[in-house]
1. Applying the selection to the stretch 11-41, what residues are outside any helix (DSSP H, G or I), closer than 20 Å to Asn105 by Cβ, touching a residue at least 24 places away in the same chain (Cβ under 8 Å) and within 21 Å of the chain's Cα centre (by Cα)?
2. In the stretch 89-104, which residues are within 13 Å of Ile15 (Cα to Cα) and assigned to a helix (DSSP H, G or I)?
3. Given Arg203, Arg195, Arg148, which one is more than 22 Å from the chain's Cα centre (by Cα) and outside any helix (DSSP H, G or I)?
4. So which residues in the stretch 13-42 are over 30 Å from Phe211 (Cβ atoms) and touching a strand residue (DSSP E or B) at 6+ places or on another chain (Cβ under 9 Å)?
5. Taking the stretch 354-375 as the search range and keeping residues that are closer than 21 Å to Lys406 by Cβ and under 20 Å from the mean Cα position of the chain (by Cα), which one is surrounded by the most Cβ atoms within 10 Å (Cβ to Cβ)?
6. Condition test on Leu373, is it within 21 Å of Leu248 (Cβ to Cβ) and without any contact (Cβ under 8 Å) to a residue 40 or more places away in the chain?
7. Within the group Gly160, Gly106, Gly136, which residue is at pLDDT 95 or above, loosely packed, with under 15 Cβ neighbours inside 10 Å and assigned by TED's automatic domain parsing to the domain that holds Phe223?
8. When the residues of the stretch 398-426 are narrowed to those that are of a type in the set (Lys, Arg) and under 26 Å from the mean Cα position of the chain (by Cα), which ends up nearest to Ala333 (Cα to Cα)?
Amino acid sequence: MLSVILRKTVREKNILPLTSTCNLRCIFCSNSQNPPGVEAFSLPPLPFPLVRQLIALLDPRRKIIIGEAASRFTEGEPLTHPDFWTVLSIIRRIYPETTIQITTNGSLLNRTAIKRLSDMQPLEINLSLNSATPRGRWLLMGDRRVNRVLEAADLMAEAGITYHGSIVAMPHLTGWQDLKLSCSFLQEHGAATVRIFLPGFTRLALPELRFDAEAMYHKLRQFLEEQAEVSNIPLLLEPFLWEDRQSLQVRVAGVIPGSPAERAGIRRGDVIKSVNGKPVKSRVDAFKRLYKPVHPCLELEGREFPVSFWKEKHDGAGIVMNYDLEWELVEKAGRVIREHRARNVLVLTSIWGLPWLQPVLPEWEGGGARVHLAAVPNRFFGGSIASAGLLTTLDFRSTLRQIIEKRGDVFDLVLLPGRAFDSGGRDLLGRHYSRLRGLTGGRVEIV
């Protein structure tokens, strides 16, 4: 069973799970906050023969990812795996030109490790710094050796290793000055980008981990905008919650120094209208159009002439944008509506997803369908959790019942976000979405 799920994960996501073991104790880690019933698997270090089999399933045309959460497997620190360096060497030998992305807390990155990484290029490191101060790193992660990770950042920059810094922002615990110092450290010590995360907490979180999520988000957004004005590298706040609901403007969040995009004169704040003559629908759409061609041509708002440059294939060219809406899902939902010839459609989405979908209603209603959008509160996890990927059939059932009681069973099609389910249609509790079909006379589908 476990072997089957692992193989499926590798094929679908190009993520190579190695272990759930971690050598630190981050207070914001979600693993300790999961309510009972969640199907989350904790992996011991995978046996080397099994890892060898999984490596053979990786797609060399896509970035190979190590150290990120894969499907229902909890992520750990990949460098704790006893065969980590052997695994990395095998991947590089089999896939010599494929970029390897490794997410690490940096506590095991010494000079020798970074020398070995530099011999494995091309690769990218996602460095989970979280705090650059001894007090902050100890408070947030239980790491007393902050100097090691700070030195590792400098050594990676010196070795020419591309690394991206990330900070789970908890200024209500560490203070805003700690956040500012940590952000500045990454800007000044070679990070290509900095991502600041709004932490989530469930209904089981300790009192000291709770906060007003909406107020904190707005404070972080203001902080980031102030920092971005003086930063020489792109800064991103995740999740990216859209506030300007007038349009899906494809605005550049930043440009990596020394990149093809910077040399072409593209700047933070530029709005991309089209790529290679095709209008872009969203930031995600624009990035995907930029990713493949080696000589993209961009139409920018307010520029008299198009901007073009040369870059490597399957590379973002240094243009950094916030993550918004996958246009393929918008088009897929439209196809499902047309295929079912639905006239009254209910689209259930997350609280975070609702504002992104409101502007695309005309896409879905063009054929005469009436589409109603509804945000589904996360009652199972509770707390501040508001993303589609953590919704369960219990949450959908509760919201669907309320809507039917209020409006009647008038919908001939109900659409659910595919992120809430695995490829087999099961949620994080292992329950299939088809259980919802008994609540309505209409069809229930996932997109």
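The values are calculated or read from the model by the stated rules, or taken from the named source; none is laboratory data. All of these numbers come straight from a predicted model, not from anything done at the bench. FYI the Cβ positions are ideal-geometry reconstructions off the backbone, even for glycines, and counts take in every protein chain you see.
1. Result: Ile15, Leu16, Pro17, Leu18, Thr19, Ser20, Cys22, Cys26, Ile27, Phe28, Ala40.
2. Result: Ile91, single match.
3. It is Arg203.
4. Lys13, Asn14, Ile15, Leu16, Pro17, Leu18
5. Here the residue is Leu357.
6. yes
7. Gly160
8. Arg419
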